[in-house]
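Okay, so here's the structure we're looking at.
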Amino acid sequence: MQSFLAAGGLLTRTYFPPEVPVIAGSLTVLTQTAVETIILLVFMAIIGNLGWTTLIAFPILLLLTAFAFGIGMIVSLLNVRYRDVAYLVALGIQVLFYVTPIVYSEDIAAKHAWAADLLKLNPMTHFVGAMRHSVYLLQAPTLLNWVSHVARHGDHDPAGVAGVLDQSPPLHRGDLMSEQEQVQGLKAAGA
């Protein structure tokens, strides 16, 4: 977020594309996340919870990086004009952490319609759920999941795909299920 401010003098003295500082910041975070993901995958291999769906974590991280880059670019530009944006973003990130089902199950919010709708509006809910399914539950996201990510975070919504997806049942279950529960869920979904 401070990328443009930190590179302000350099941007005025030398010609290079002005988005380079934000890209450099994004690549730094992406490198750190890739290292952390590799450590997670090694740990998952040691405990025996590794499958082919684990490879889906990397495309999910790339989609998350593209989404974060777009938001970071907007916030960085706003921060140049209005210096208080940095404080508001820090507060917003803390609120976003508690509104994203990371430390609690998504099923808790399903009891209240307004809370479930709030979770659907939070883009991080979908990224966290997709990572949880592919890495921990070893379930591949369906084509509907991928279309949902592209439709919600893309530049356009061809044929109103997001409106159709909003009527679909919740895509992720917050708690870890046993194999027997997973098989029963798949049988129930197929029936």
*Considering each residue of segment 41-57, count those that are surrounded by fewer than 13 Cβ atoms within 10 Å (Cβ to Cβ) and within 10 Å of residue 131 (Cα to Cα), and give that number.*
0
*Consider residue 25 against the criteria (1) exposed (fewer than 11 other Cβ atoms within 10 Å of the Cβ); (2) assigned to a helix (DSSP H, G or I); (3) at pLDDT below 85: it satisfies all of them except one. Which criterion is unmet?*
(1)
*List the pairs whose first member sits in segment 34-57 and is polar (S, T, N, Q), whose second member is outside any helix (DSSP H, G or I), and whose Cβ atoms are under 6 Å apart, counting only residues at least 6 apart or on separate chains?*
53/138; 53/140
*If you check 104, 82, 136, which single one turns out to be of a type in the set (Phe, Trp, Tyr) and without any contact (Cβ under 8 Å) to a residue 40 or more places away in the chain?*
82
*Taking the options 80, 75, 103, 89, name whichever one is at pLDDT below 85, closer than 26 Å to residue 20 by Cβ and among the β-branched types (Val, Ile, Thr).*
80
*Could you say whether any residue in segment 4-12 is modelled with pLDDT of 85 or more, surrounded by 15 or more Cβ atoms within 10 Å (Cβ to Cβ) and either over 21 Å from the mean Cα position of the chain (by Cα) or part of a helix (DSSP H, G or I) (or both)?*
no
*Does residue 86 fit the bill of being small (Gly, Ala, Ser), surrounded by 13 or more Cβ atoms within 10 Å (Cβ to Cβ) and closer than 16 Å to residue 128 by Cβ?*
no
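The values are calculated or read from the model by the stated rules, or taken from the named source; none is laboratory data. Model, not experiment: these values are computed from the prediction. Here the Cβ is made from the backbone with ideal geometry for all residues, glycine too, and neighbour counts use every protein chain on show.
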